[in-house]
Structure formats: structure tokens, C-alpha cells
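Below: the structure, in C-alpha cells.
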Amino acid sequence: MRRLPASLAPIVLVPALIVLALALPGLAPAQDGDLRPGFRGLAWGSPVSALPGASLLRGGGVMDYYTRDGDDPTFAGVPLYSIRYGFVAGRLGYIGLVYADPTKTKTLADHLTLLYGRPTTAPATGPNAGVMTWEAAPLTIELVFDQAQSLGFVHIFHRPAMDAIGAGLAPEK
């Protein structure tokens, strides 16, 4: 058996490692890394005008919900049904991710655990099992798969915005 010349090893090895890394489950694109600064280039507290391609989904309450044209429909490699941006008093305070494949809950839990450590609450039991929470100041992140709706949710709350609602600083419109 012939051996690969040492000068060619990096040329063969580097692409092979890249292919292997991309094939491993649970590895997320760089854009789905630490959420504490913001979400996909949009900082927490940003105004709606900072969300290019924004379309109002639902408004009129304490939080207005938008979608964004051209959003990558995945998070941590999991296909998403929708991405919702929540603005409190005109500032980004919430991201809601919806997915439809219950088998992807573990992938998302593993991704969030890799970023923020073990969840601060244990998974629930019963028909809506799977509620997990991570506290990653200034965020609270919840992951739940609702068996009744056959939908999963990742709720990303920016606590300062949520505290403003609780304190009455973001009145209903």
C-alpha cells in the first residue's frame, strides 16, 4: 500500500476535516452562536427600523411581532416554521422560533446547553413534556415542544424589555 506524500497531507486532511465537521449533528452555523448580544446581527433594544425587510405580523398590544423577508429558515441546523421578532415599546425584546419536528428538540437542547450550560429547570413530564429554561443574563431562553399543537418553540426573552412590561413602562397601545 502506498502512503500519501507528507507534502500532500494538508491538502487532503483539511478538506476532509471540514466535511466531517459539517456532517456532525448538532453543530450550528456561526450565526446561531451566543444570543446575548442579539439575534442575527440585530442587537437587543434595536428599533424596528434596524430590521431590514420587516413585515408586521401582529401589533397593538404591549409587544408588536414582525417577520423578516429573507431570513434563514433554520436555527442550529433545525428547519424552522417561523421566526418572530418581538418589539416592546418599539425596541427588540423577544425572538420566537417555531419548529415542527419533535425529534429536533434534543438537537436544540444540546445546542443551547453547549452555549449556556445545563438548563436551570428540568424537563417537565406529561403530555407537554420538554420544557427547559436557560438563564443567560440578560436573556431567559425557553425550549418547549407542545405535543397538542405538534409544534416546538424556542422563546428568547431579553429580560430588561420584559421587566419594562412588568413595571408598566411599556404600556399597551
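Where a number appears in this text, it was derived from the coordinates with a stated rule and is not lab data. Keep in mind the model is a prediction, meaning the values are calculated, not measured. Ideal geometry is used to build each Cβ from the backbone, glycine not excepted, and the neighbour counts take in all protein chains shown.
Overview of results
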| read-out | value |
| --- | --- |
| The range 52-98 - percent relative contact order, Cα under 8 Å, separation 6 or more | 29 |
| Sorted peptide list for 50-57, 82-89, criterion being average Cβ within 10 angstrom, highest first | 82-89, 50-57 |
| Mean separation of Cα contacts under 8 Å (6+ apart) over length of the range 26-166, as relative contact order % | 20 |
